[in-house]
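The values are calculated or read from the model by the stated rules, or taken from the named source; none is laboratory data. Quick caveat, the model's predicted, so the values are computed rather than measured. All Cβ positions, even for glycine, are placed from backbone atoms using ideal geometry, and neighbour counts span all protein chains on display.
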Amino acid sequence: MVNTGSRASYGDEAPVAAFATTPGSSALTIIRCSGKGSIELAASVFSSAGIKDAPGNTVVHGWIVQGDEKIDEVLVSVFRAPKSYTGEDSLDISCHGGNSAGKAVMTVLKHAGFREALPGEFTFRAFMNGKIDLTKSESVMEIVCAKTEVSRRHAVSRLCGSLKKEIDEIKNLLVQVLAGAEIYLDYSEDEVSADDADEIAGRLPGKNIALQALSRLKKLSNSWQVERIYQEGITLVIAGPPNAGKSSLFNLLLKEDRSIVTEIPGTTRDWIEAFASIEGIPIRIIDTAGLREAGDSVEKIGIERSKKILQEADIILYLINEDLNDLRLNDNSKKIPYLYIWNKCDITPVPASFPVHDIKPISVSAKTGEGLSELNSAITSAILRQTTLVNEPNAQDASVGTERQKKLVDAACCALEEALAMRENNSPLDLIAPLIRDAVNSLGEITGEVSTADILEEMFSKFCVGK
């Protein structure tokens, strides 16, 4: 990956600059610069020689200038290779906040010879210079995109190396198996008697180590089910008859008044949505129109839309009215989890003998907040029951954080499972060994030991500019 002509490329060493913060109403705007000659280039538009002579990890005060014109008073943090985020000479320029100051400084830097950094180019350079592996690179963007505290903690764990450590340990197990197999293959049939072959094979690392590696790979693969929930969130739909308290419960879950609440049935004519975090899971909560025979054409449209929304839900909260006659079980061909809610428990408690025996409603009062913590726990449990893990994984446990990682772990699993099946069928070792090697290579792709230019460019192009 080299720079061809004037086209920007991820593989060059050109000095680059980008906003590390978005210009706007804030005290500071930070512009990050990195690349060969970046310190000298920045010094050419700085009011003194302080930057050029500054040691690494120091801060210099001065002005960004263009000729005789002062553009902005700044603080410049100087980092010298290899002790920087990218492993190159780098600078962070702290400008005044607002929309104009940072943009004016960026214009001066471009005129001086910096080019605008590509998305994720700083992290790409950190990877190429051996500062971080691919799992840590991806975790940087995971932290930026984290929607809840739980997803942030899990991303930080990967940034600290939990996933890389697990991948390396599994790969070392497979390398033991592969090395033993290749030693055996180094002997020709003419050189080894039947007794010698049995003795050599008996000393080879084999099935037990491979099974241990496979078990750990499957655990990693399963972790993606929960990680994706904490990263992307789920859709929760509140449904039920009119005047059951759906809008009140919607507001309670959000901890703010978003839906109009009245005692008039059919107040909510269309669905409304908002986002919240429930026990660390990002939740898209949708309040729907009451399910009943529509009184007019407008309400009918709202009810039909609500029924369509129900089919998009990951989980449904179905509110039961006081007289129990409005309990309507909708078509659930998609097997969407239902939680039945007995709302207004501050007025009427759940009957001792509930008429629908297989339904155990959760008692909640949207007015007083009674039962909210129990409801939140029930929602979380219902979501996690859809995965192979029934509890939130410990943030320190190794887990995959991207779909790319998940696919490569699965590829390693498939190759290893096939190798073990062939071993059980007494297939030749020269057919089994390449499968184990494929598994090792898949794990190498996760950390970046095995990579190609197009894969790297595709991955880093999805990062935000300035990272």
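Couple of notes before you dig in:
- Residues that are over 18 Å from Ser162 (Cα atoms), assigned to a helix (DSSP H, G or I) and modelled with pLDDT under 80 do not occur anywhere in segment 223-231.
- Taking first residues from segment 351-369 that are modelled with pLDDT of 85 or more and surrounded by 11 or more Cβ atoms within 10 Å (Cβ to Cβ) and partners that are basic (Lys, Arg) and part of a loop (DSSP other than H, G, I, E, B), the Cβ contacts under 8 Å between residues at least 6 apart in sequence or on separate chains come to Ser365/Lys344.
- Residues in segment 87-122 that are of a type in the set (Gly, Ala, Ser) and in a strand (DSSP E or B): Ser90, Ser94, Gly97, Gly98.
- The residues of segment 321-341 that are within 13 Å of Pro241 (Cβ to Cβ) and at pLDDT 80 or above, listed by number, are Tyr340, Ile341.
- Exactly one residue among Arg216, Arg203 is at pLDDT 75 or above, closer than 28 Å to Ala421 by Cβ and charged (D, E, K, R), and that residue is Arg216.
- Here is the figure for segment 151-185: residues that are modelled with pLDDT of 90 or more and assigned to a helix (DSSP H, G or I) total 22.
- Meets criteria (on the phi < 0 side of the Ramachandran plot, touching a residue at least 40 places away in the same chain (Cβ under 8 Å) and among the acidic types (Asp, Glu)) for Asp430: yes
- Test: residue in segment 28-43 that is under 15 Å from Asp72 (Cα atoms), more than 30 Å from the chain's Cα centre (by Cα) and not in a loop (DSSP other than H, G, I, E, B): yes
- Test result for Ala197, small (Gly, Ala, Ser), surrounded by fewer than 16 Cβ atoms within 10 Å (Cβ to Cβ) and modelled with pLDDT under 90: yes
- Criterion violated by Ser84 - all others in (1) under 18 Å from Cys464 (Cα atoms); (2) in a loop (DSSP other than H, G, I, E, B); (3) small (Gly, Ala, Ser) satisfied: (1)
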